[in-house]
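The values are calculated or read from the model by the stated rules, or taken from the named source; none is laboratory data. These numbers come from a predicted model, not from an experiment. Cβ: placed from backbone, ideal geometry, glycine included. Neighbour counts: every protein chain shown. Please note that ligands, DNA and RNA were not included when accessible areas were found on the heavy atoms of the full protein model with its side chains. Shrake-Rupley method; radii C 1.70, N 1.55, O 1.52, S 1.80 Å.
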Amino acid sequence: MKKFNVRDHEIVPEHVIISKKDVEALLVKYSITKEQLPKIKSADPVCKEIDAKSGDVVKITRNSPTAGKSIAYRLVVG
Amino acid sequence: MVKKGNSKASVGKTAKKSKDIKRAKTTKNVKKERASAVTPQSIDSKLKDLPLPPSIIEELKECLNKVKPTGAQLEHIIQMSVEAYEKAKVEPCEAVGIVAAQSIGEPGTQMTMRTFHYAGVAEINVTLGLPRLIEIVDARKIPSTPIMRIKLEPEYARDRDKARALGWGIEQSNIIDIGSMSVDMVKMQIVIELDEKMTSRRNITAEEIAQKINAETKAEVQAEGLKLTINPVQHSYRGLLRLVDDIKGITLKGVKGIRRIIIRKENEEYVLYTEGSALKKVLQFVGVDGSRTKTNNINEIAEVLGIEAARNAIISEAMDTLREQGLEVDIRHIMLVADMVTAGGSVKQIGRHGVAGEKASVLSRAAFEVTVNHLLDASIKGQVDELSGVTENVIVGQPIQLGTGDVELMYKAKE
């Protein structure tokens, strides 16, 4: 038996918690409120791994088959 | 849901771009006789900060390095590429959801209703076609045919015996797989005769089995060679027969839920295919390459690997299902569906208990399913419909707020 880190899996994209200042800039850029972002649960295996708490915003760098790389954001909830 | 990267920019981009390059070359070449071509480094630095997605920049770079343009040509090509990209982008307020629904729905009508297939693997049955597509959008907790594809670490992937041994370790083994069981009614005993070949294959000894049965059922177990004798705690026929069932249900070795394993050689490496799925447990096995191991159970992926992995799994599963039927649906439509379904942080179904059931408009929800309930609830609560969506405006007979219907004329009186 060994421990498997979920972030090593090829279908799990990179998740990074972004700073308060970056969150502000993001919300201004799209003129939205924080609650309008897609959500991710704080109990999500990746959230546990990067220690993201409810209220944080994570930046996800996806490998997109159309754009190469695409950036998405999710608000940590629950 | 407007994302630069996922817009429809790249549709036919190759063709368009090469035409652009050609046009740019001819117009400029008339004036100047072959001015010196720019170096690849300067092309790189020019392309780096363009407002284009990485895949297009990559492609542009490749093309430009081949044609070797001059400085002015390069500027022109870049400008035209950016223009073409901007034109191809989905405009804000475009009804992408409806376009996606049509684009998936139309090929869906051509799908076979009942398809069961042996996905290239001997004997493993996989649900494909329309039933599988429905399963994906309905976000069923367990698919009707869960399977896993387990990739192995290089050391195991090249050695058939090691792969085989690992497979025996993962496959669920019950007592009926490794021996025969009989009930002695006179002595009130259960006698198990173990098969030597089967026990050695699964690398399990009679003592281990005895201990396991004892731990699970608390019955007294004696092991003599390959023969196990079990005395039940309760001395009744009923207790004895119940014990037989209990023993049959014990997982002696392997992972519960993995009913069968098949080894296959793919591109010089051995891969394990399983009937049944237990991702979390399988990832912990030594020899399993966890980073490349897959399951077709999307809810399990969401649980074990997170919501983003589930989004990727939905996209690849839906695309594979459609492609297997010979249908080409643009991946952007599937991406939109996957985005909607995972937006709440868990995998929701499309339908009345998920995406469609959470729409803001009462009329829109009522138009979909269980009409009376929605109207009744709304009237009890005194809900108001803003009439901002498409469905509700069609119902009341107003122009929808899309395209030309989105524009309103206002009269500004002269002062």
All positions within the range B:312-337 that are within 11 Å of B:Met111 (Cα to Cα) and touching a helix residue (DSSP H, G or I) at 6+ places or on another chain (Cβ under 8 Å): B:Thr321, B:Leu322, B:Glu324, B:Gln325, B:Leu327
Test: residue in the range B:95-106 that is in contact with a strand residue (DSSP E or B) (Cβ under 8 Å, 6 or more places away or on another chain) and modelled with pLDDT under 90: no
Any idea which of B:Ile192, B:Ile213, B:Ile170, B:Ile176 is in contact (Cβ under 8 Å) with a residue 24 or more places away in the chain, surrounded by fewer than 16 Cβ atoms within 10 Å (Cβ to Cβ) and β-branched (Val, Ile, Thr)? B:Ile176
If we scan the range A:21-30, do we find a residue that is under 9 Å from the mean Cα position of the chain (by Cα) and within 28 Å of B:Asp330 (Cα to Cα)? no
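Every residue, every condition in (1) more than 11 Å from chain A (Cβ to nearest Cβ); (2) over 30 Å from A:Val58 (Cα atoms), yes or no:
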{"position": "B:Gly306", "(1), (2)": "no, no"}
{"position": "B:Asn312", "(1), (2)": "no, no"}
{"position": "B:Leu322", "(1), (2)": "yes, yes"}
{"position": "B:Asp330", "(1), (2)": "no, no"}
{"position": "B:Ile334", "(1), (2)": "no, no"}
{"position": "B:Ile350", "(1), (2)": "yes, no"}
{"position": "B:Val355", "(1), (2)": "yes, no"}
{"position": "B:Leu363", "(1), (2)": "yes, yes"}
{"position": "B:Val372", "(1), (2)": "yes, yes"}
Starting from the range B:252-277, take each residue that is more than 17 Å from B:Pro146 (Cβ to Cβ) and part of a loop (DSSP other than H, G, I, E, B) and list its partners that are open to solvent by 50 Å² or more (accessible area, probe 1.4 Å) and not hydroxyl-bearing (Ser, Thr, Tyr), counting only C-beta distances under 7 angstrom and pairs at least six apart or across chains. B:Leu252/B:Lys212
Does the range A:42-49 contain any residue that is among the acidic types (Asp, Glu) and facing chain B (nearest Cβ under 9 Å)? yes
